[in-house]
1. Please give the helices (runs of 4 or more DSSP H) falling wholly within the range 128-206 in which 1 or more residues are polar (S, T, N, Q) and at pLDDT 80 or above.
2. Could you check the range 111-121 and list, in sequence order, the residues that are touching a residue at least 60 places away in the same chain (Cβ under 8 Å) and in a helix (DSSP H, G or I)?
3. Does any residue in the range 154-179 that is closer than 12 Å to residue 107 by Cα and in contact (Cβ under 8 Å) with a residue 12 or more places away in the chain come within less than 7 Å, Cβ to Cβ, of a residue that is among the β-branched types (Val, Ile, Thr) and part of a helix (DSSP H, G or I) six or more places away or on a different chain, and which pairs are these?
4. Which numbered condition in (1) surrounded by 13 or more Cβ atoms within 10 Å (Cβ to Cβ); (2) out of contact with any strand residue (DSSP E or B) (no Cβ under 7 Å at 6 or more places or on another chain); (3) farther than 29 Å from residue 167 by Cβ is the only one that residue 75 fails?
5. Considering only residues that are surrounded by 13 or more Cβ atoms within 10 Å (Cβ to Cβ), assigned to a helix (DSSP H, G or I) and either among the charged types (D, E, K, R) or on the phi > 0 side of the Ramachandran plot (or both), which ones fall in the range 1-46?
6. Among what's in the range 123-140 and is within 16 Å of the chain's Cα centre (by Cα) and without any contact (Cβ under 8 Å) to a residue 60 or more places away in the chain, pick the residue that is farthest from residue 165 (Cα to Cα).
Amino acid sequence: MKRCFDLLMSLISILLFSPILLIIGIMIKINSKGPILFTQMRIGKNNELYKFYKFRTMKIGTPNVATDKLKSAQTYITSVGKILRKTSLDELPQLFNILKGDMTFVGPRPALYNQYNLKELRTKAGVHKLIPGLTGWAQINGRDHNDDVQKTELDKYYLENKSFRLDVKIVIMTVFKVLKADGIIEGKIKNTTIKVEESKNKTISG
């Protein structure tokens, strides 16, 4: 059922966003040297690797690590990239990942192939059994503020409580978070401000 929904909605979304995808591609190409798309190996369901797509927002030569691990992330981001990241438009190519079946609309965000600690924590919690998502419970509860332990706890909450109603809630809340550019940190995190315990006490309202 969920796969049918993903297939249908990803096709519709790609068609609807095709003019925007084209415009963004042209902007990236004019703004900086390098490919339009950024591809990277990410960890999928059952810890299998797959090719992950995003619009390129960083300059060529940027270290291949999570953005929140970079000491001076702003120096690597292109001018167009700053806009794309703030609006989350850089994530649109993942619609093709969803179409292929590598991802789903709602699930834990895919870890980088070299995020070994997060991979281990998710495996111990059973989260690795889930298909990674375009957005997820951790995305609307802290996003870049969360460390690996907190991400895993939030993803485990989703694993134990997943339902169509929760998915709808996450998608709606994601829209509001994107509009506010909430939870985005471009660089290393010094202090964690989100407590996992707060998410455990949340009730899922209809």
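1. Fully inside the range 128-206 and qualifying: 148-161, 164-180.
2. Scanning the range 111-121 gives a single hit, 119.
3. Listed by first residue and then by second, the contacts come to 154/196; 155/127; 156/127; 159/127.
4. Among (1) surrounded by 13 or more Cβ atoms within 10 Å (Cβ to Cβ); (2) out of contact with any strand residue (DSSP E or B) (no Cβ under 7 Å at 6 or more places or on another chain); (3) farther than 29 Å from residue 167 by Cβ, the lone unmet condition for residue 75 is (1).
5. 2, 6, 29, 45
6. For the range 123-140, the residue satisfying everything is 127.
The values are calculated or read from the model by the stated rules, or taken from the named source; none is laboratory data. Given the structure is predicted, the values throughout are model-derived calculations rather than measurements. Note that we place each Cβ from the backbone using ideal geometry, even for glycine, and neighbour counts take in every protein chain shown.
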